[in-house]
Amino acid sequence: MPQLFLGIDIGTSSCKVAVYDTKGNLVVQASRPYGVHRPGPYMAEQDPEDWWEAASQSIREVLARGVVHPADIAGIGLSGQTPTQVFVDSTGKAVRPAIIWEDSRAQSEAEWIRQNIGTEKMKAFLGMYLPIEPTWPPARLLWVARHEPTTLERTRTVLQPKDFVGLRLTGVRFSDAWSSKGLVSVADGRISSDYLRLLCLPDHIVPDTYRPFEVVGSVRPEAAEATGLREGTPVVAGWSDALCGVLASGCFARPGIGFNVTGTSEIVGISCGDVSDTAGLVPVPGHLLGTAGALYGPTQSGGASLAWFKEGFMSIQSSGELEDTDVFRLIEKEAAMAPAGSCGLIFLPYLQGERAPIWDPDAKGAFVGITRSHRAAHFIRAVMEGVAYSVRHVLETAEHGSGLKAQEIRISGGASRNALWTQMRADVTGCPVRRLKVLETSTLGAAMLASVGARVYSNLQEATENMVHVEESIEPSDRMHEVYDQMFQVYKRLYPALKQAETGRPYSL
Amino acid sequence: MGMYTKNTSERRYFLGIDIGTYESKGVLVKDDGQILASAARPHGLELPRPGWAEHDADGVWWSDFKSITRELLDRTGIQPEMVQAVGCSAIGADMLPVDNQGKPLRKAILYGIDTRAVKEISELNQALGPENILRLSGNTLSAQAIGPKILWYRRHEPELFDKTARIMTATSYLVYRLTGRVVIDFYTAPSYAPLFDINALRWDKEACAYVLGDVGLLPELAWPGEVAGTVTGAAAQECGLVPGTPVVAGTCDAAAEAIAVGVTEPGDMMIMYGTTMFFIHVTSQLTVSKELWSSVYCEPGMYAVAGGMATAGAITRWFRDTLAPELVASEHSGGENAYARLTAEATASPPGSRGLVVLPYFSGERTPINDPAARGIIAGLTLSHNRGDLFRAILEGTAYGVRHHLMTMAGLGMTPGRLVAVGGGTKSPLWLKIVSDVAGFKQELYPGNPGASYGDAFLAALGTGMFSKLSEIKKRWLGEPEVVLPEDGATRAYYDEFYALYRELYTKTKDIAHRLAALGESYEAGS
């Protein structure tokens, strides 16, 4: 009986493909990068063909290593960036470039929805509270309806990036309710015609939705030829990269586990039962899956802040990515030369506005408390501390909303390899941080979904018990926590003060 | 040969020497204002404890004076007899006690960069009343004031205080070494707050009694261009001048710098782009405020309102060393000048630095907010900001500080007739342009003007009677200035908004900055 699971993650900058065994051990992986196109201000688009190209090439590479036989793959799971819109015609081709999650062109449409529909009505339609922002689906779909009516005429289905790859693999059009939130209700995966009419959208563009671990089809002959996969290998519906990350952190196993999926932005939250007060965060209803739920929020610039500072202001010469171990070691070494609290220097990491917990696309970053005795080391450390404060800020909000206190924080993602930064997150939150064995949680989460779909495990709970492992526990230091706690109290006062300074100024910061 | 000798003997030369914090400079100037030679000496600054700043009076001040004088005479071949008069200026005001032999009893406690007398400031405010002090001396007590430093000396080093015969500032000490007379000029004396009565132009008995016990410890008062005495035989031997050469009372470096560029009449204002930004605005009447410093100016009937930021060149240097160390390394190995590179990057950034505002309070701030616990802020950052944007934002931050001073002065009913820019920072056309655009003022400047030492030479010439008033320097010694014009229209309106934001940013984040200052200090003390 085949006992391996293949996870595919369609990220913003690359596609990652990895194969795991039933114990969650990584067997083999490969990835391919692709670009983001920015045809105008506030616009961000990708060519769906690039995703398929990167995915099929990466699968080929994984199989070409000779470690995994296609017949040993029991199931395929999908993960990816959301909410993005892929406009697919009746032949399975994209009618225009995909408009990806960070695109904020739909500003006046967001305003229109705020004025004419309102938060409460939207919540009733969509099954959850979603901030009405240009980056969220309803505004963007309305933008397309208003500006490109022919796009909608030619569109058969609006899919997510992972769904587009799934369509290529199986020939089936599907999505999951969570990834398509904003187009369907997360409560039942359906949507009322009234909602679609308000946004001038035709009924037929809404895809059928499935539970993330449900098998929706299998690898068809053309796809088997393109990828080297075995024809007929089952494919499950999959989930957003954020929720695959939470799943592979083991958090749906029980309430009260904090999590931090590090990356360009930070995914932070806590597993919990159903919540009544979401505190402005995103609630994942667990009862739909038979597991604990979660309350979480994404920040906007986590790793992106450090990468920005490194590229612009540090004389580290490196061609590699930030995950590059050598660059991390240099950054750690430099930052370790400054004491905790960076001698009164604070960084506010709102370099691209901020999502959770303040949801302000116009917020800006800042260094505050600068003196002439601050050196480069203080600045680097302050950037890392600022990101750690933003993590605590979201975690506190999630704790407040769920009424639970995190007993531990599961950490994953590339930045968790940075020992100093991980220790800092423990010291800033005062909570033990547990580093996972597999840090690429989006592909592992996708593989876990496949393991349930392939009936190797009977549910997500069982998959979690078997496939998620903590590698190391990092304990907070009381002494450091005391310093960081004082600084964090100042951090929380900064955004309101800076915002207030801007009020009434035509040229905002 | 005969003609040559005759002409030479008719020429008249003036020696001007200025002692700075890190460097001394001297010039030998012909009576028509032409500079024959200039010389400079770097020296150290002693920082024995945090907040303390000292100079050795003989090892630095007098030693630099002597060696620069000898170098100028040697290099030009000018006979010392032909030096008609000598003028000096120096950092100040300082606190140097000497015994009854005229020997320094300790190292000189320097001007505002020495902040040790915090307790004594509160003590004096309690004893004499802050309102009284402001009314009497024209100033609130700050690190700039010498009265509290004398009191610190009396409290902490009583055995030395008992031996003290005179207390001097740096300029006084040079004049004393040259002539044996102990004088202080009217521009510098108000920095001896609260001891100087700025309305009556004399030492105040009551305040002197509290701080000193004996008013006789203080120097005699004189105008900067007044002859204080003549070079003694002993001094002549030491420095190579001729006995009997007149020496004027001189003044502080900032005033000498202002004189050097013709800031000599009411309505004239100097902006000094140095390590800090320093301002002197000449007025026809005494103007006292809590925000700025008041003083008498360098000629009877004139007063000055002065101000100083805590940083300027200090942060451009800090930025270069902290965030662009590879440019410094490249400059040292023969590459492009680091400032030139940063300036080129900053020039590529538009006015407003694409949405950045910097509060330049990286060392707290002096005037007009007088907040030592203020802190620097870089606000408005996005992923698209680069080093050039930040460097421009820092230059703009200092320019908002300049505008803040002009607005504060305007609030006191003072609008300058002309602004003259001086100092090392004026070598940057970008910086000058930003300040003119932000402040909406034309600036004049005299490239190649050596600064304070040139003003000292003019004071020396004034002392000999060759000129009758300060303002003659404009027509007799200075050529036409270069000008930097402000841009009107959109840029102006844009900067108006950013300036408003700058002011608002401080108000709204002041408490946070104070908290960070306290936390920063406690962490440093603990580590």
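The criterion of at least 2 residues that are of a type in the set (A, V, I, L, M, F, W, C) and within 24 Å of B:D253 (Cα to Cα) is met by the following helices (runs of 4 or more DSSP H) wholly inside region B:60-145: B:63-76.
Let's see how each residue does on (1) farther than 21 Å from B:A452 by Cα; (2) charged (D, E, K, R):
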position	(1), (2)
B:P80	yes, no
B:G92	no, no
B:G102	yes, no
B:L105	yes, no
B:L110	no, no
B:A117	yes, no
B:Q126	yes, no
B:R135	yes, yes
B:N139	yes, no
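Checking every residue in region A:362-378 against the condition of being acidic (D, E) and not in a loop (DSSP other than H, G, I, E, B) gives zero matches.
May I ask you to verify whether B:T275 is part of a loop (DSSP other than H, G, I, E, B) and under 30 Å from A:V383 (Cα atoms)? Yes; evaluated as a whole, the condition is true for this residue. Taken over region A:231-287, residues that are under 22 Å from A:N459 (Cα atoms), crowded, with 24+ Cβ neighbours inside 10 Å and of a type in the set (A, V, I, L, M, F, W, C) amount to 17. For region B:318-358, a residue qualifies if it is more than 10 Å from chain A (Cβ to nearest Cβ), within 20 Å of B:I378 (Cα to Cα) and aliphatic (A, V, I, L, M), and the qualifying residues are B:L342, B:A346, B:A348.
On the stretch given as region A:70-97, residues that are touching a helix residue (DSSP H, G or I) at 6+ places or on another chain (Cβ under 6 Å), of a type outside the set (S, T, N, Q) and closer than 19 Å to A:L199 by Cα total 3. The residues of region A:257-281 that are assigned to a loop (DSSP other than H, G, I, E, B) and under 23 Å from A:W421 (Cα atoms), listed by number, are A:T262, A:G263, A:T264, A:S265, A:E266.
Among the residues of region A:398-405, are any under 30 Å from A:R105 (Cα atoms) and touching a residue at least 24 places away in the same chain (Cβ under 8 Å)? Among the residues of region A:398-405, at least one is under 30 Å from A:R105 (Cα atoms) and touching a residue at least 24 places away in the same chain (Cβ under 8 Å), which makes the answer yes. If you go through region A:30-51 and pick out every residue that is among the aromatic types (F, W, Y), assigned to a loop (DSSP other than H, G, I, E, B) and touching a Lys or Arg at 6+ places or on another chain (Cβ under 9 Å), you end up with 1.
Take the residues of region B:359-388 that are more than 9 Å from chain A (Cβ to nearest Cβ) and without any contact (Cβ under 8 Å) to a residue 60 or more places away in the chain: which is surrounded by the most Cβ atoms within 10 Å (Cβ to Cβ)? Please lay out each step first, then the result.
Step one: of region B:359-388, the residues more than 9 Å from chain A (Cβ to nearest Cβ) are B:360, B:365-374, B:388.
Adding the requirement that they be without any contact (Cβ under 8 Å) to a residue 60 or more places away in the chain leaves B:360, B:365, B:388.
Numbers: B:P360: 28, B:E365: 24, B:G388: 20.
That would be B:P360.
Set side by side, the residues B:V248, B:V227 differ, and just one is β-branched (V, I, T), modelled with pLDDT of 95 or more and surrounded by 23 or more Cβ atoms within 10 Å (Cβ to Cβ), which is B:V248.
Only residues that are aromatic (F, W, Y) and under 12 Å from A:D427 (Cα atoms): list them for region A:457-488, please. Don't jump to the end; show me each part of the working.
Keep residues of region A:457-488 that are aromatic (F, W, Y), which gives A:457, A:484, A:488.
Listed by number, the residues that qualify are A:Y484, A:F488.
Scanning region A:112-157 for residues that are part of a loop (DSSP other than H, G, I, E, B), touching a strand residue (DSSP E or B) at 6+ places or on another chain (Cβ under 7 Å) and of a type in the set (S, T, Y) yields one hit, A:T155. Here is a check on your reading of the model: is B:A439 closer than 29 Å to B:P266 by Cα, away from every other protein chain (no Cβ under 14 Å) and in contact with a Phe, Trp or Tyr (Cβ under 7 Å, 6 or more places away or on another chain)? Here the answer is no, as B:A439 does not meet what is asked.
Any residue in region A:322-330 that is closer than 22 Å to B:L383 by Cα, touching a Leu at 6+ places or on another chain (Cβ under 8 Å) and outside any loop (DSSP other than H, G, I, E, B)? Please lay out each step first, then the result.
At the first step, the residues of region A:322-330 found to be closer than 22 Å to B:L383 by Cα are A:322-324, A:327-328, A:330.
Among the residues that remain, those that are also touching a Leu at 6+ places or on another chain (Cβ under 8 Å) are: A:322, A:328.
Pick out the ones that are also outside any loop (DSSP other than H, G, I, E, B) and you get A:328.
Yes: region A:322-330 contains one or more residues that are closer than 22 Å to B:L383 by Cα, touching a Leu at 6+ places or on another chain (Cβ under 8 Å) and outside any loop (DSSP other than H, G, I, E, B).
Annotation: B:W477 fulfils all but one of (1) within 14 Å of another protein chain (Cβ to nearest Cβ); (2) touching a Gly at 6+ places or on another chain (Cβ under 6 Å); the unmet one is (1).
Please go through (1) more than 7 Å from chain B (Cβ to nearest Cβ); (2) without any contact (Cβ under 8 Å) to a residue 40 or more places away in the chain; (3) buried (at least 19 other Cβ atoms within 10 Å of the Cβ) for A:S373 and return the number of the only condition it doesn't satisfy. Result: A:S373 passes all but (3).
Note on region B:253-272: among residues that are among the small types (G, A, S) and in a loop (DSSP other than H, G, I, E, B), the one that is nearest to the chain's Cα centre (by Cα) is B:G262.
The values are calculated or read from the model by the stated rules, or taken from the named source; none is laboratory data. Since this is a predicted model, take the numbers as computed values, not measurements. In this analysis, Cβ positions are derived from the backbone assuming ideal geometry, glycine residues included, and neighbour counts consider all displayed protein chains.
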